[in-house]
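Just so it is clear, none of the values below were taken in a lab; they were calculated from the coordinates. What you see is a predicted model, and the numbers here were worked out from it, not measured in a lab. Every residue, glycine as well, gets a Cβ built from its backbone with ideal geometry; the counts of neighbours run over all protein chains shown.
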Amino acid sequence: MTQSIISHAPTIINIFTMNCSESKYLDLQKCPLCGSLNSQLLFKANDILMGKPGEYNIEECTECSFRFTNPRPYAEDIFNYYTSDYHCYRDDNRKKNDVTESSDLENKVFTSNSGYTLHGGFWGSRGWVFPNLQKGAKILEIGCGSGGFIRECIARRWETLGMDLNPDLEPVITQMGAKFLPTTLPIIDLPDSYLDAVFAWQVIEHLYEPVETLTEIQRILKPNGILAFSVPNSDCWQFHLFKDKWAGLQVPTHVSHFSEKTIRQVVEKSGLKVVEIYGQNTIGCLCPSILFSMGRKNVSLSDQWTPLSSVNKIIDRFLSILISLLFGRNQAERLTVICINNSQE
Ligand SMILES: [Zn+2]
């Protein structure tokens with residue numbers, strides 16, 4: 001099954017029915033993480049989440065085991081592959097994420113092995129990390145979406161910056177009291193050693209240059225500054241079971257499909273130090289993955305989650321615990337990573 005990346009031509013399908021009509025595809029010749037020329041095709045996948053045309057290979061580097069989407073849209077076109085009702089941009093997502101007004105989520109506070117406060121914790125559906133920063137601490141959230149986490153940071157009296165690909169979010173974020181930065185990744189227009197913490201929830205898998213971006217984060221973090229982020233875990237049992245129907249795959253907007261091993265490699269290349277990686281056996285992808293496997297597609301993403309929210313709470317908790325017992329933590333659906341900038345500068 002092993003094949004050279006060079007051997008396959010980019011799969012160009014009919015893209016003229018959508019506003020991605022000018023898009024072309026970038027066919028990677030090398031592993032974006034280690035530069036190896038050899039990869040194996042795991043399976044092919046379509047955009048079943050947002051319903052945009054395109055067929056993509058999910059490849060695994062035979063040298064470093066990094067999994068990635070190939071070919072992929074050019075970076076300058078990728079915004080066309082999001083829909084306006086993408087769940088991170090929805091207003092109801094902001095309300096749902098508002099942990100200050102949700103006693104249920106407040107009850108799921110958990111302390112990590114290294115002493116950080118987590119919301120959602122090991123079992124819960126959220127995995128936000130809150131370092132013990134003082135009032136006035138400078139923080140940046142990359143991929144802030146409609147601002148659920150931004151609101152939490154402002155409630156803690158942190159000086160908060162939000163960055164997102166979607167420029168329409170600027171008034172939403174500034175109205176909350178944060179400053180909005182349009183994305184310029186991998187460059188971040190902030191001075192050296194400026195921030196106390198950077199956060200990126202389910203964002204790094206979207207980035208075309210994850211190592212360069214984390215290296216830039218290392219530059220703008222103060223010594224001992226914190227980077228906390230999460231990514232879908234492509235080593236999870238659902239990835240292997242559902243393959244192209246796994247809701248966490250989300251091609252083509254997810255261009256990297258990390259495992260604990262490969263996300264650790266990315267962090268280490270950036271000069272940051274991993275403090276802790278923990279897996280969360282949430283079931284956020286389970287219900288939509290089952291629906292996708294039954295042939296559902298091209299429907300609004302919020303509809304995909306509706307069955308889950310209607311049976312939520314008890315079943316969510318019960319299944320999460322059961323899945324943890326069955327599959328263990330290293331096969332969790334999501335990995336949350338806490339890093340520190342321990343450079344001597
Ligand atoms: Zn590689």
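At-a-glance table
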read-out: Extension gain from Thr117 to Asp168, taking 0.36 nm per residue of separation minus the Cα-Cα distance; value: 15.2 nm
read-out: Local net charge near Asp27, Cβ-Cβ under 12 Å (Lys/Arg +1, Asp/Glu -1); value: +2
read-out: Relative contact order %, region 112-239, counting alpha carbon pairs below 8 Å whose residues are six or more apart; value: 21 percent
read-out: Modelled FRET efficiency - R0 30 Å, Leu326 with Glu276, Cβ distances, 0.05 increments; value: 0.80
read-out: Of Lys52/Lys269; Lys30/Lys273; Lys24/Lys138; Lys135/Lys273, those spanning more than 30 Å from alpha-carbon to alpha-carbon; value: Lys52/Lys269; Lys24/Lys138
read-out: Order of Tyr56, Tyr194, Tyr116 under a 10 Å beta carbon neighbour criterion, fewest first; value: Tyr194, Tyr116, Tyr56
